[in-house]
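Below is the structure I would like to discuss, written out as C-alpha cells.
Just so it is clear, none of the values below were taken in a lab; they were calculated from the coordinates. Everything quoted here is computed from the prediction, not taken from an experiment. Because the Cβ atoms are built from the backbone with ideal geometry, glycine has one as well, and the counts that use them run over all protein chains shown.
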Ligand code: RP5
C-alpha cells in the first residue's frame, strides 16, 4: 500500500488500515480521473502514531495541498492529522462492521473548534466526494481542473437526462 514517493503529488490519500482500501480507492479513482498526482499510504493513528505525526508535519513541505484521510470505528486519524498541519484535511468515515460507520462518522465530524476536518458521507460515496472536493480545492488556482470539474458536472446532468428514457 505504501506509495508515498510520487514526484509532484498534490494530494495525499491516507487510511487507517489496508481494510479501508476498498472504500478509499474510490477517492483515488476520482483523483485519477482528474489527472491529479497523489500518494497513498496506510497510516494508523493508533498503531503507527509516530508515522502519523511525521507525515502530518512533512506534508506541506513536500508539496501536498490536500490530505484525504479515511478511517473506521474509533476514527481518530483525520482529526489527529489535522491537529498537526494547517493543510485542508478531508475525513472519510469508513463503514465499520459493528456500527455501520456511524461510529466513524461521529468520531470524524465532531471536531473541537479550532481544528477543522471536512467530513464526507460514510463509505464509497464519501470517498468519491473526497476526491472531488480535493479537486475543487485545487481548482482555485488551476484553470484546467476548474474546466474539468465543469465538464464532469455537465456529464452528470447528461446521465440524469438519459436516465429519463428508462422510465418506461
Ligand atoms: C481503523 O480500524 C481503521 O481505519 C479501520 O477502519 C478499522 C479496522 O482496522 P483493521 O482491524 O481492519 O486493520 O483504525
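Place a point 7 Å from Cα of residue 19 in the direction of its Cβ. Which residues in the stretch 39-53 have their backbone N less than 18 Å from it?
The answer is 42-49, whose backbone nitrogens lie closer than 18 Å to the label point.
Can you bin the chain into rounded, prolate or oblate? Criterion: square roots of the alpha carbon gyration tensor eigenvalues sorted a ≥ b ≥ c, rounded for a/c under 1.5, prolate for a/b above b/c, oblate for the rest.
Cα axes put the chain in the oblate bin.
Next question, about the same structure. How far is helix 143-163 tilted, in degrees, relative to the longest principal axis of the Cα atoms in the chain, given as a value from 0 to 90 rounded to the nearest 10?
50 degrees
For a test of the definition: using alpha carbon positions, the gyration tensor, and the 1.5 limit on a/c, classify the stretch 125-168 as rounded, prolate or oblate.
Since a/c reaches 1.5 but b/c is at least a/b, the shape of the stretch 125-168 is classed as oblate.
Listing 41, 161, 22, 7 from the residue with the fewest other Cβ atoms within 10 Å to the one with the most, what is the order?
Numbers: 41 16, 161 9, 22 13, 7 6.
By the 10 Å Cβ count, ascending: 7, 161, 22, 41.
Using Cα atoms only, what is the angle between the long axis of helix 49-58 and the major principal axis of the chain, expressed in degrees (0 to 90) to the nearest 10?
60 degrees
Next up: With 10 angstrom as the radius, rank 30, 24, 111 by how many other C-beta atoms surround their C-beta, starting from the fewest.
Least crowded to most crowded, the residues run 111, 30, 24.
Which whole-angstrom value gives the distance between the alpha carbon centres of the stretch 111-158 and the stretch 5-59?
Cα centroid of the stretch 111-158 versus Cα centroid of the stretch 5-59: 16 Å apart.
How high is the relative contact order of the stretch 11-68, given as a whole-number percent (alpha carbon pairs under 8 Å, six or more residues apart)? It would help to have the intermediate numbers written out before the result.
On the way: 53 pairs, mean separation 29.2, N = 58.
Once divided by the residue count of the stretch 11-68, the mean separation gives 50 percent.
Nearest 500 deg cm²/dmol is fine: what mean residue ellipticity at 222 nm does the chain get from its DSSP H runs of n ≥ 4 alone, each adding -39,500 (n - 2.57), divided by its residue count?
Mean residue ellipticity, 222 nm, calculated: -13500 deg cm²/dmol.
Tell me the relative contact order for the chain as a rounded percent, counting alpha carbon contacts under 8 Å between residues six or more apart.
21 percent
Using the alpha-carbon atoms, what tilt in degrees (0 to 90, nearest 10) does helix 21-33 show relative to the longest principal axis of the chain?
The angle comes out at about 60 degrees.
Which percent, to the nearest 5, of DSSP beta bridges fully inside the chain are antiparallel?
Numbers: 1 of 19 bridges.
Antiparallel bridges make up about 5 percent of those DSSP assigns within the chain.
So, one more: Mind checking the full-extension length gain between residue 100 and residue 85? Use 0.36 nm per residue of separation minus the Cα-Cα distance, one decimal, nm.
The residue 100-residue 85 span can extend by a further 2.5 nm.
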